[in-house]
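Data block below; observations after.
Nothing in this text is a laboratory measurement; each read-out follows from the coordinates by a stated rule. None of the values given here were measured: they were computed from a predicted structure. Note: ideal-geometry Cβ built from the backbone for every residue, glycine included; neighbour counts use all protein chains shown.
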Amino acid sequence: MSDYARPSSLDEALKLLARDDAVPMGGGTDLAGQVDRNIRSPGLLVDLRDSGLGEIDEDGDGVRIGSAVTLSELAASPLVASYAAVATAAAAAASPLLRNVGTVGGNLCQHTRCWYYRGAEWHCWLGGGDTCYAQIGDHRKHGLEPGDCISAHPSDLAPALAACGATVELRGRRRTREMPLLDLYRRPTADDRSLVVLRQGELVTGIRLPAPPDASAYERLGERAAFSFPLVSVAAARRGAETHLAAAGVANIPVGLDPSDPLAGLKGSPQSAWKRRALATLVERAVARTA
């Protein structure tokens, strides 16, 4: 049984998170599954709901989104309406019940849904083992990018925010840093299997969006309209004649795409090659909606 704390300020939360066995909890919709399947065994759960991270505010010409804002609040916010891709992605994630609880920070930092990673009977490469079982087994829904792990990142928000030019704020007890949203993610290596650059005790505290693009759009392919993670998703944002593209579901981290060659580097494996066609179609649709 983990200890539990619900700090009343961000400073108090960061102090608690400095413990080696502490884990932050927003809505807990992903964390609960990780604990249930023994992926994580936190000694202290730090509930962030009262830590002052639940606001959406104007930020110059743009918007700042606290990491504890729920997906439902994000989708309904009038301040986010000008970022159509972001509002659409927030409204499409998971199911209505989960959107009422799940947070922006949690959606961005959630773990892969790969059944080999989540399955209690497997100890896959990403989980610290020696084998990516997807590459020798069922990888229909996995990534197109080669590597030691071919899992697919499931975030709806990441590509939408990235295409719109978002930056992410990270805070620890002694330092604060800010970076382009896609720089939050890293490809796992043998000595560090993490998919994010967060250090122990460091927390995603907010997202900053610059002035709204001229137009943006989010397209996703899922098995169902509700309670379905995107198999492939694409966001496009246009400013003047320049269009930015980002995708999820095609690699183990969200990726930016080259508008002139969106399939570059995404070869795929035998069972997942269908995602190349899906990606090309979603790119075409998203770009058309921003024209």
Based on C-alpha coordinates, I'd like the Rg and Dmax of segment 167-213, in Å.
12.2, 39
If you stretched the chain out fully between residue 122 and residue 11, how much longer would it get, using 0.36 nm times the residue separation minus the C-alpha to C-alpha distance?
36.1 nm
Pick out, from 247, 260, 217, the residue whose Cα sits farthest towards the positive end of the charge dipole of segment 217-263, with +1 on the Cβ of Lys and Arg and -1 on the Cβ of Asp and Glu.
217
What distance in nm separates the two pseudo spin-label positions at residue 284 and residue 58, each 7 Å out from Cα along the beta-carbon direction?
4.2 nm
Report, in cubic angstrom per residue, the convex hull volume of the C-alpha atoms of the chain.
123 Å³
Which value results when the Cα radius of gyration for segment 34-140 is divided by 2.2 N^0.38 Å?
1.34
Once you put a point 7 Å from the Cα of residue 148 and another 7 Å from the Cα of residue 40, both along the Cβ direction, what distance in nm separates them?
2.1 nm
Along the Cα-to-C-beta direction of residue 223, a point sits 7 Å from the Cα; which residues of segment 124-159 have their amide N less than 14 Å from that point?
138-142
Under 20 Å by backbone N from the virtual spin label 7 Å along Cα-to-Cβ at residue 215, the residues of segment 260-291 are 260-262, 280-291
Once residue 260 and residue 273 are pulled to full extension, the length gained, defined as 0.36 nm per residue separation minus their Cα-Cα distance, is 2.7 nm
Per the Cα gyration tensor, segment 200-281 corresponds to an equivalent ellipsoid with semi-axes, largest first in Å, of 23, 19, 14
Sort largest first and round to whole Å: the equivalent ellipsoid semi-axes of segment 66-217, each the square root of five times a Cα gyration tensor eigenvalue.
28, 19, 14
Would you work out the charge dipole size for the chain about its Cα centre, treating the Cβ of every Lys and Arg as +1 and the Cβ of every Asp and Glu as -1, and quote it to the nearest 20 debye?
500 debye
Here the residues of segment 230-274 lying in the modelled label zone of residue 291, meaning backbone nitrogen under 20 Å from a point 7 Å along Cα-to-Cβ, are 234-246, 258-263
Over the chain, the sum of -39500 (n - 2.57) across DSSP H runs of at least four, divided by residue number and rounded to 500 deg cm²/dmol, gives at 222 nm -6000 deg cm²/dmol
Taking GluC sites (Glu not before Pro) as candidate sites, keep only those in a DSSP loop with at most 12 other Cβ atoms within 10 Å, then name the longest stretch of the chain containing none of them.
122-222
Magnitude of the Cβ-charge dipole of segment 79-188, K/R +1 and D/E -1, about the Cα centre, nearest 20 debye?
400 debye
I want to verify a result. In a Gaussian network model of the chain, Cα cutoff 10 Å, which of these has the top mean-square fluctuation: 134, 89, 160?
134
